[in-house]
Amino acid sequence: MEIRMNGNVLDASLDDEKTIGEVLTIIEQWLSGAGHIFSGLSIDGVAVKASEVEEVFTRAVSAVKCLDVQTNPISDLTASSIVTLLDDIKEYETLSFEDKTKFFDKWKETACGRFISAEIAELYELCVRTFSRGDMDTKSLASVAEEMLREVTEPLKEFANIEPVLNEICEKLIDLPLDIQTGKDMKAAKTIQLFTAITEKIYRIFYQMDIQGYLLNKDNGANSKEQIITQITEFTDVLKELLEAYEKNDSVLVGDLAEYEASVKIKELYAAVTENCRSVK
């Protein structure tokens, strides 16, 4: 069986795959790592409809001459879905109260709703809060969506803009144990919330840089993509320890982790990613 991707013949051979479903599973795993996603499928020149996918998955490889897979960069689909969401928010704002109560059930079945549900879980939860539960306003949802859109369409610029905010939050981390000891619970909670948010943002943009080809792979120098991934893993462990210490109200451990571990490691991570991207230019 010949396998094509976007019209180009793949230089790949099958091993023990017996069905089209098994072949597509392998292709999907590869696409995920390459930052692409399925957008269409044809078998022997005939496009496969959504209703036919289940039957196609069980079809024997020996019964197919040519499998043609169409893909799109996931970053393009992400950006397109967020732009559509912003239009949906504007539409939602014009609806009557009764129509607003029906909006979410229809929206979640749209292509935009399904994509965001599958690929941008944190944004989907905010959509649920806005369109279904009503405990988040549309302006806040639109602001988050616009921020995520910038992360996808201009990852390098958005990453550079993080630095002053990151430095400010790291300074706040140093005061965290004192805030806990003196009963400034709201201030301490806000510091943790902001630190967690900036961490998640760094992770999101790093992912976009990776799938869009902005990062260097293994080389002879420092700050390769693989080394940065190791730093992310180490920092995630520190962040988990910090959050656990904060929940236990252990101000001594919070202080040590915040000043000597978390604030240091996140700055090192930010610098490593920045240096990697500079090398790409």
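The values are calculated or read from the model by the stated rules, or taken from the named source; none is laboratory data. If you're wondering where the values come from, they're calculated on a predicted model, not measured in any experiment. FYI the Cβ positions are ideal-geometry reconstructions off the backbone, even for glycines, and counts take in every protein chain you see.
Tabulated results
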{"read-out": "From the options V83, V61, V48, V53, residue that is under 30 Å from Q212 (Cβ atoms) and touching a residue at least 40 places away in the same chain (Cβ under 8 Å)", "value": "V83"}
{"read-out": "Residue within region 243-251 that is part of a helix (DSSP H, G or I) and in contact (Cβ under 8 Å) with a residue 60 or more places away in the chain present", "value": "yes"}
{"read-out": "Selected residue (only one of L216, L239 is part of a loop (DSSP other than H, G, I, E, B) and touching a residue at least 12 places away in the same chain (Cβ under 8 Å))", "value": "L216"}
{"read-out": "Unmet requirement for K184, which otherwise passes all of (1) of a type outside the set (D, E); (2) farther than 30 Å from L95 by Cα; (3) modelled with pLDDT of 95 or more", "value": "(3)"}
{"read-out": "Of the criteria (1) closer than 25 Å to N276 by Cβ; (2) among the β-branched types (V, I, T); (3) crowded, with 18+ Cβ neighbours inside 10 Å, which one T230 fails", "value": "(3)"}
{"read-out": "So L194, is it assigned by TED's automatic domain parsing to the domain that holds I174, surrounded by 14 or more Cβ atoms within 10 Å (Cβ to Cβ), in a helix (DSSP H, G or I) and touching a helix residue (DSSP H, G or I) at 6+ places or on another chain (Cβ under 9 Å)", "value": "yes"}
{"read-out": "Residues of region 41-60 satisfying the condition of being touching a Ser or Thr at 6+ places or on another chain (Cβ under 8 Å) and more than 17 Å from M5 (Cβ to Cβ)", "value": "F57, T58, R59, A60"}
{"read-out": "Filter result (more than 25 Å from E119 (Cα to Cα) and touching a Ser or Thr at 6+ places or on another chain (Cβ under 7 Å)) within region 61-92", "value": "V61"}
{"read-out": "Matching option when the condition is surrounded by 17 or more Cβ atoms within 10 Å (Cβ to Cβ) and either closer than 22 Å to M5 by Cα or charged (D, E, K, R) (or both), among D99, D88, D137", "value": "D88"}
{"read-out": "Contacts under 6 angstrom Cβ, first residue in region 142-163 being under 16 Å from S75 (Cα atoms), partner basic (K, R), 6 or more apart", "value": "E151/R204; E158/R150"}
{"read-out": "Pairs with Cβ under 8 Å, 6+ apart, first in region 185-198 and in contact (Cβ under 8 Å) with a residue 40 or more places away in the chain, second assigned to a helix (DSSP H, G or I) and among the charged types (D, E, K, R)", "value": "A188/D179; F195/K172"}
{"read-out": "Where a residue in region 259-270 is in the same structural domain as L176 (by TED's automatic domain parsing) and more than 21 Å from L178 (Cβ to Cβ) and its partner, wherever it lies, is among the hydrophobic types (A, V, I, L, M, F, W, C) and not in a helix (DSSP H, G or I), with Cβ under 9 Å and at least six apart", "value": "Y270/I162"}
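Residue by residue, here is whether (1) touching a Pro at 6+ places or on another chain (Cβ under 7 Å); (2) buried (at least 16 other Cβ atoms within 10 Å of the Cβ); (3) of a type in the set (K, R); (4) not in a helix (DSSP H, G or I) holds:
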{"site": "E168", "(1), (2), (3), (4)": "no, no, no, no"}
{"site": "K172", "(1), (2), (3), (4)": "no, yes, yes, no"}
{"site": "D179", "(1), (2), (3), (4)": "no, yes, no, no"}
{"site": "I205", "(1), (2), (3), (4)": "yes, yes, no, no"}
